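Remarks on the structure that follows.
Read the figures in this text as sums done on the coordinates, not as results from a lab. These figures come from a predicted structure and were not determined experimentally. We place every Cβ from the backbone using ideal geometry, glycine too, and count neighbours over all the protein chains shown.
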Amino acid sequence: MAEWNPEKDLLAMVTDDSKVVLHRFNWQRLWTISPGKCITSICWSPDGKIVALGTEDGLVLLHDVENGKMLRRIKSHDVAIVCLNWAEDELLSRTDKDGLLSYEDRTARFFPPAPVIPRIGGLSSGDTGLADENEESIQEFSSASCQRFNILCSGDKGGCICFSIFGIFPVGKININEVPIHFQSSGNKTSYRLQDASISKVCLSGNLHQLVLLCPGKLIDIDNLSHSNHISTGLHCLHLDTSIFFNRKNELHQISQQASSIQDLVEVVRSSLSMMAKQWSSAMNLFNEKFSALPSLIAAHGMESSSEDEFMSLLFGTRTSPALHQFLVSSLGEAALKRIAKAVDSAGRELRVVVSEHLQPAVEIISFRLAELRGLARWRSRFQNVGLDEKLIYGVTEKIGMLVVQVERFSRVAATVLYLFLLDKDPIKQLLDANQRFECDLDTVRHLEQLVVLGGFTDTHFLEKTLMKQFNELDESLEEAFSMPFTTISSQIHCQELLPLYPITSSVDLSSTCILTSVSFYKDEDSQNSGSSYSLTDYICFKIPDGSLNLKNCIGVIKDFSNSSASGPSSSGFLLHIPDEYECVDVSLYKDSQIVVLLSERSYSDGPGSSYIVMLQMENFSFVPLSRMFPSNIYSVQELLAQELQLDTDYGKKVRSIPHAVSTPLAVSASRGVACVFSSRRHALVYILDEDEDEDEDEDESSDME
């Protein structure tokens, strides 16, 4: 796999062993990363700052273009992600700053920069899904107040499509196998759906109104419950209405900005509590291990108190009992007592750092951001339609308030523990002196009493039973509150049109079928200079498998599919027959009304073979309207007459020759006017497309993909 950066002369390639390599145009290698997972798809963010990777186990990995560091890991799917598409709202020109959403994040007015995940030597907070070492990047990445509204679409082989605002906040998910497809014919409404469908390609329009997707699968008549309701198995093109993204982009932007920041901070809290629990448990386990002999000494002296009572009475200033004194002098010893003091001292210091620099700031900022969301939720006319529920947000606000109180309470207790082991006097000598007493003020006594309530020195898991319990309740409430926009948006995405492209007769698994396709949207010529609105035309290019529709070595091109309706213009298309001595290796839509076809010469010898990059102007081909006779005529594409591709005839085409046999993929960059192809030996070759072949022959570059 390979994908050009939309803004820079950079090419991201995925090797056969799932390493990701970033090259400049001159093949200077910038970085190589090994995510440790099988990479199944790749795409760039619209601004070219982030590369998104889809994995075989359903993860979306977001990496920084500058150094390859991981910014985010999101579990969006349960199966392999086979296609990614990152679309940006392009309503206004990129030079118009007014096109940027101007919602102000007020958090920076009242709080310092958000805390990051704590990192203390020897302890790990666990897998959080956030950046490992790129803390500044993740903060900038999460602050979406100055970004143009964009949505990352991901499709998997199970038929699911996920939508994430700014690539980080999941806002919708649909299963194409569960979406009803309705047809109106002769006054009768018939419903169909797909079965065993997988997503092959997704493309969201620049105005966010339409999503065109290609998926192989079975078409089922759900109104006919008989065993013969299976109409066809093949590649289908669907048009989904996603206008909710455009109509509510301002509301969705505000929700996603607050919610994604809250989710980041939730991970900071989760990691802080996990690390604190490990610290406390380690120190208290040592304490309990060393004091295990004390109960038997208390019993031998005929006393009825417990070990905790004896130790707490010592800290409160009471004289040591004979049993405790004997234990401290004879059984424990000065060296062991110093180790305990050092362990508790170290744990106390680190706990205070985690609490003061990470946990407490995080919960306070979460509380503020939730208050902002609560204010938005009260604007029902705008935010209720996108699923921001006032009651749920209020419930979460209560939960974070209780957690803030618990964190403050624990902070005071932790300070007391640290105080007791950092006295100006020698605490070890005082403990060993039977006549020595600790002097504690009333506040310290009160904090110690709270320590007893929290579990004190005896319960090594008291953090999980107090702070962690409160945090888990908060986490569950947040999940419920944020699932409402997710569910609401998902329910407003509907299928508008279905176009079966060709049947698949092979018995192989549909999700594993190799399908060569390309989908893109282009501005109409009459709206190129319009600053406020414009119309888009979709183009769908695909290679038809040999034998399907009784065709051989053909590619099809369809346009205006998403714009077709019962009263509007019909979609149209043409078929292009490739000469028999060539094989179509891959196809890609290029610039407006242009298509790039990668051909490989069929070799009947042991020679290296040769290949060609062919650029075609689609306006030079005759587009024929497609009939709407579904379901009587399922595959209307077969009505088209195949036009012959003549490589020796110049009709608005450019041909670049390649002295190698080539393989998929073909990666083209419309902004840079270049194409990258791969030889059969896995060497990457770059060709400049927009110049004559003899003018730029010396500029072609190559690199070993490995």
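Over 22 Å apart at the Cα level, from the set K19/K591; K157/K543; K75/K523; K201/K591; K523/K591, are K19/K591; K75/K523.
A simple rule links phi to the HN-Hα coupling: the Karplus curve 6.51 cos²θ - 1.76 cosθ + 1.60 with θ = phi - 60°, which for region 469-478 gives 4, 5, 5, 4, 5, 4, 4, 5, 5, 4 Hz, with x for Gly and Pro.
Counting Lys and Arg as +1 and Asp and Glu as -1, what is the net charge of the other residues whose Cβ lies under 12 Å from the Cβ of I220? Before the final figure, lay out each step's value.
On the way: positive: R193, K218; negative: E178, D196, D221, D223.
So the surrounding residues net to -2.
First measure r as the distance between the Cβ atoms of D17 and H683, then evaluate 1/(1 + (r/R0)^6) with R0 = 25 Å and state the FRET efficiency to the nearest 0.05.
Rounded to the nearest 0.05, the efficiency is 0.95.
Could you rank the peptides 255-261, 159-165 by their average count of other C-beta atoms within 10 Å per residue, with the highest value first?
Values: 255-261: 23.3, 159-165: 24.9.
Ranking the peptides 255-261, 159-165 by packing returns 159-165, 255-261.
The ranking of R109, R24 from fewest to most other beta carbons within 10 Å of each one's beta carbon is R109, R24. Amide H contacts for F623 (H built 1.01 Å from N in the peptide plane; partners 5 or more residues away or on another chain; cut-off under 5 Å): none found. For S572, the residues whose modelled amide H falls within less than 5 Å of its own, excluding neighbours fewer than 5 places apart on the same chain, are K559, L626.
So if each residue of separation counts as 0.36 nm, and I subtract the Cα-Cα distance between N26 and Y394, what length gain in nm does that give? Intermediate results must be reported in sequence, preceding the final value.
Values: separation 368, 0.36 × 368 = 132.48 nm, distance 5.54 nm.
126.9 nm is the gain from fully extending N26 to Y394.
Excluding same-chain neighbours fewer than eight residues apart, the lysines reachable from K338 by a Cα-Cα span under 25 Å are K278, K290, K425, K429.
Neighbours of F149, meaning other residues whose beta-carbon lies under 9 angstrom from its beta-carbon, give a summed charge of 0 when Lys and Arg score +1 and Asp and Glu score -1.
All other residues with a Cβ under 9 Å from the Cβ of I199 taken together, and with Lys, Arg as +1 and Asp, Glu as -1, what is their net charge?
On the way: positive: K157, K201; negative: D156.
Local charge sum for I199: +1.
Ranked by the mean number of other Cβ atoms within 10 Å per residue, highest first, peptides 580-593, 536-549 order as 536-549, 580-593. Using a Förster distance of 30 angstrom, determine the FRET efficiency expected from the C-beta separation of K469 and R119, and round it to 0.05. The calculated FRET efficiency here is 0.75.
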